[in-house]
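Have a look at the structure below, then the notes.
The values are calculated or read from the model by the stated rules, or taken from the named source; none is laboratory data. Note that the structure is a prediction, hence the values are computed from the model and not measured. So basically every Cβ, Gly included, is an ideal-geometry build from the backbone, and we count neighbours across all protein chains shown. With ligands, DNA and RNA removed, areas are computed over all heavy atoms of the protein, side chains included. Shrake-Rupley method; radii C 1.70, N 1.55, O 1.52, S 1.80 Å.
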Amino acid sequence: MKKIAVILFVFIQISGLSAQKALPQLGKAPVKDVVAALTLEEKVHLLVGTGMRMSDIADPTKKKPLETAEAPTGLPPGAINLSAGESKVPGAAGILYEVPRLGIPAIVVADGPAGLRINPFRKIAPDATFYCTAFPIESLLASSWDTQLVEKVGAAMGNEVREYGVDVLLGPALNIHRNPLGGRNFEYYSEDPLISGKMAAAMVRGVQSQGVGTSVKHFAANNSETNRMEVNATVSDRALREIYLRGFETVVKEAKPWTVMSSYNRLNGLYTSENRNLITTTLRDEWGFGGLVMSDWFGGKDAVAQMKAGNDLLMPGRPDQMNAIMAAVKNGTLPVAVLDQNVEHLLNLILKTETFKKYKYSNKPDLKAHATIARNAASAGMVLLKNEQQTLPFSPKVKNVAVFGIASYDIFTGGTGSGDVNEAYSVSLPDGLKNAGYALDADLQQAYNQYIEQAKAARPPKKTFFDPEPPLEEMVINREKVAEKVSAAEIVLLTIGRNAGEFFDRKMEAGDFLLTKKEKDLLDLVSETTHKQGKKLIVILNTGGVMEVASWRQSADAILLAWQGGQETGNAIADVLSGKVNPSGKLASTFPVRYDDVSSAKNFPGLPADKPTEIKYEEGIYVGYRHFDKAKTEPAYAFGFGLSYTAFTYNNLKISTKGSQITVSVDVQNSGKAAGQEVAQLYVSAPGKQLDKPEQELRGFAKTRELKPGEKQTLRFTLKTEDLASFDPTAKAWVTEAGEYKIRVGASSRDIRQNGAWTLAKSVQSGKLVRLEQ
C-alpha cells in the first residue's frame, strides 16, 4: 500500500506540473485564452489598482518621503497608503496587479503633462538621484503653434518614462481653457479645440515613439477644480461635441493613445467614468478607440457602473471597489462578460509595454540633452505682447540690468500638483541673464534673496503635499533705492509671477488675476523712475494662465509673456530678451480687458459659490475668441496675437478644391530686418443658415521655418468639407451647410491679412450618427 501511495503522490505531482505548464501565457497564447484562465478574484484585482502609496511621494526639499498621513485635500477618507512598501518606481502614481502564473507583469503609470513625476530619491539607492526634466507647461507649448516642436518634446519626455521603468505617462491633458481662472489651465493647451487636439496628438506621437504609452485626460468637460469630484457640468450636445470633445476626437483618431483617462466631474448628471454613452458609444464605437480607459484617481462613485460603462481600470484602487464588483458578479447584476472585455483591454495594453518586453531600463536618461530641448521649446512659446520703440531685443550696448520683482528671483517653472516635476535644478531670471553675459546689481539680488528666504520661513506649514504655497507679498523698496539701482543700469526688468495647480481654481482678486497694491505700487515707482532717467522698462509675466494686463500695461515699454518655461525658464527668457531667439509665440487663449468680458464669468466655478455642485455652460459654443467676436468685445490681446522682432507680409491667397478636399495656400514673406518665424492662422466663416454660427473659427494653422529678411515661404492648409461641419443637436449629425464660406488668413483672429471665399453647392453630412432627413 505504501508503494502504491508513493506512486500515486508522484503521479499527482507530475500531473500538477503538467497542468501548470499547460496554463496559457500572455504573449504566447491568445488574449482571450488568458482571460478565460483567470479566476474571478484575479480579474477584479487586475481591474482595480493596487492602491496609492503616499509614502512614495517625496518632499524634494527634505530628501525623504512624506508622512503617510498627508492625504490630498478632497480625497475620500481612507484613500491613502492602501499598499505598503516602496514601489518599483518610487513616486509613480500607480502600479497594477500582476498574475505571474499567467505571465502577466505589474506595469507602472506616472504623472504628468510637463514631465515625468517620480521621486528623485530612493531608500534602496540613497547615494543616487532620479531627477526628471521639467519641460514647459502646455499653455506655453500651445503658444508655439509648432506641432513638430511639441512632438520633439514628447519624444524626450517619453525617453525618460522609458529609461526610468515607467510604462504609461498620465498625460497629455487637453481640456479647454473655458475660463481664465481654471486652476489647471497651465496643464491644458488652449481655449480652442483645434489647437488642443493637434498639440495633444503631437505630444502623444512623441511620447509613444519611445515605446511607452500615454493617457490623454481628463475625458471630459473637466474645466474647473472647485469641488471637482462632485460638481455636475451641464453642457449642451452641440457645445460638448464642438468644443469639449473635439480635441479628444482629434487625438484619438490621429495619434492613437494607448489609454484615455476619464474625469472627476459629472457630465449632464452622470459621472463621466460611469457614462457608457461617453466612454463606449462615443469614444469606442464612433471614434474607433481601441485602447484602455482608466479612471482619474478616486474618480466616480459606483465601481459596478464604471465597469459597465467601459471604464476598464479603477485607479489607484480601493478594497471597497473590489468588494462591490465581486458582489455584483456573484448576485448576477454584473455579467462576467463585462469584466472579460475590460480585462482584455488591459492585457492588450500590457502586451505593448516595455515591462512586458523585459526592457532593461537604465535609470540614466540624457537629462542634459533634454534640458536643451526644454530651453528651445520654452523660448519658442513665449509671447511678446508689447514692444514700443524697439525696446527689445536688448541693444548691444546693454551690459548692466536692474531686476525687480520677487518672481524674478523665485521664478515659477511650472504649476503644482500632479503637473509638477522633481527636476535637478531650475534657472532663475538673474541666473539666465548672468549666463548670457549680463551684469546684475549684487546688492539688489541679495536683498531679494534674503526677503524671499525670510518670507518662506514665516509661512505656515502646508496641511498636505498637494496644497499650494501661499503667494509671497511683493517686497517694498523705497524711492531712493529704486532710483539708485535704475541709475546704475542700462535697462530695467520687473517680473510679475503667478502660480496655480490641482484641487483649487484661481481667484478674480488681487494677487491672482489682478495685481496686488504692493505690486502696482512697485510697478508705478519703477516705471516712473525708469522713464525719468530716459530708460526703458520691460515687464515679464511668469504665469501659468491669463492675467489682467490692460490697467497697467501703459507703464511698460515692453511686455514678455514668458509663461512657465520649465527648468530652463531663466535661460530661455534671456535668449528672447537678448535677441538670440526671435519670439514667435502667439496666444492660444484670449487676454480680456476685464474678467467680466469672459463668457463664463457669471457661472464659474458654479453654484453654490462656496461649494459648487452645478456648473451650467450657458455660453454654449461661445468660448474664448468665439465669444469676443460675437459680442464685438475688444480683448486686451486677441487670440493668436504675438509680436516679433521682424515683420511679415501675406500675399497670393489661393483656394482650390478637389472632391471633398479644399486647399488654401498663402505666401508669407519676412519683410523686416531680422530672421524669424511666423504663425499663419486660417479662419473660416460659415453660412449659418440652419444653425447659429460663430463669426469665424480656427480651421488650420502653420508655422514657417526661420525666414531670413526678404525670404518667402508658401504655406498650405488642407481641409475636408467635414472639417467645416457644425453639430446639429436636433438631428444628432455633423452638417456642413451649403453656401459661401469666407476664408481668412492672418496673424491673429483680429489681424486678418488675406481674404477669399469658397462655395459649397450642397449640404454635407458626416459622422456615424443619426443622419438628417433629406
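Partner aspartates and glutamates whose Cα lies under 20 Å from the Cα of Lys658, excluding those fewer than 8 positions away in the same chain, are identified as Glu722, Asp723, Glu737, Glu740.
Pairs from the table (Lys397/Lys580; Lys198/Lys308; Lys198/Lys720; Lys397/Lys532; Lys301/Lys732) lying more than 25 angstrom apart at Cα are Lys198/Lys308; Lys301/Lys732. Relative to the dominant Cα principal axis of the chain, helix 569-578 is inclined by about 30°. The aspartates and glutamates within cross-link reach of Lys88, meaning a Cα-to-Cα straight distance under 20 Å and a gap of 8 or more places when in the same chain, are Asp56, Asp59, Glu67, Glu98, Asp111, Asp127, Glu160, Glu163, Asp167, Glu354, Glu423. Taking each residue as 0.36 nm, the span from Lys630 to Thr234 lengthens on full extension beyond its C-alpha to C-alpha distance by 140.3 nm.
Extension gain, Glu388-Leu23: 0.36 nm per intervening residue step, less the Cα-Cα distance, totals 124.0 nm. Between 0 and 90 degrees, the angle of helix 246-255 with respect to the longest Cα principal axis of the chain falls at about 70 degrees. Approximating the spin labels as points 7 Å out from Cα along Cα→Cβ, the Lys88-to-Ala675 distance works out to 4.6 nm.
For Ser665, Ser578, the ranking by accessible surface with the largest value first comes to Ser578, Ser665, using a 1.4 Å probe. Ordering Gln669, Thr718, Tyr625 by the projection of their Cα atoms onto the charge dipole of the stretch 624-760, which places +1 on the Cβ of Lys and Arg and -1 on the Cβ of Asp and Glu, puts Gln669 at the extreme positive end.
Here Cα extents along the principal axes in Å was calculated from the structure, and among [x] 120, 85, 61; [y] 78, 62, 51; [z] 111, 70, 51 it sits at label [z]. Of the whole protein surface, Val549 contributes about 0 Å² of accessible area at a 1.4 Å probe radius. Between the listed residues Asn119, Val31, Tyr164, the Cα displaced farthest toward the positive end of the dipole of the chain, a dipole computed from Cβ unit charges relative to the Cα centre, is found at Val31.
Net length available on complete extension from Ala424 to Ala327 is 30.2 nm, with 0.36 nm assigned per residue and the Cα-Cα distance removed. Per residue, the chain exposes an accessible area of 39 Å² to a 1.4 Å probe, with every protein chain left in place.
Stokes-Einstein at 4 °C, 1.567 mPa s, Kirkwood radius from Cα pairs: D for the stretch 646-762 in µm² s⁻¹? This corresponds to a translational diffusion coefficient of 86 µm²/s.
Taking Cα centre as origin and charging only the Cβ of basic (Lys, Arg, +1) and acidic (Asp, Glu, -1) residues, the dipole magnitude of the chain rounds to 1780 debye.
Each label was represented as a point 7 Å from its Cα along the Cα-to-Cβ direction; for Lys611 and Lys364 these points are 5.3 nm apart. Rolled with a 1.4 Å probe across the full set of protein chains, the surface gives Lys517 an accessible area near 150 Å². Between the helical axis of 517-532 and the dominant principal axis of the chain, each derived from Cα atoms, what acute angle in degrees is found, rounded to the nearest 10? Roughly 40 degrees, rounded to the nearest 10. As a calculated quantity, the FRET efficiency between His531 and Asn755 at R0 = 51 Å, using C-beta atoms, amounts to about 0.80.
The apolar share of the surface of the chain, taken as the fraction of accessible area on carbon and sulfur atoms (1.4 Å probe, ligands and nucleic acids excluded), comes to 52 percent. With the simple model of a label 7 Å out from the Cα in the direction of the Cβ, Thr649 to Ala488 spans 4.8 nm. Taking the average, over residues, of other Cβ atoms within 10 Å as the packing measure, peptides 373-380, 178-185, 601-608, 487-494 rank 178-185, 373-380, 487-494, 601-608 from highest down. With 22 Å as the limit, the listed pairs Lys632/Lys703; Lys485/Lys536; Lys256/Lys357; Lys456/Lys481; Lys123/Lys357 have Lys632/Lys703; Lys456/Lys481; Lys123/Lys357 beyond it between alpha carbons.
Measuring nothing but how far apart in sequence close Cα pairs (under 8 Å, 6+ apart) lie, relative to its length, the chain scores a relative contact order of 13 percent.
A dipole drawn for the chain from +1 and -1 charges on Cβ atoms has a positive end, and of Val338, Gly545, Asn478 the residue lying farthest that way is Val338.
DSSP finds beta bridges in the chain, and of those with both partners inside it, around 60 percent are antiparallel. About its Cα centre, the stretch 604-750 has a charge dipole of approximately 540 debye under the convention of +1 per Lys or Arg Cβ and -1 per Asp or Glu Cβ, with nothing else charged.
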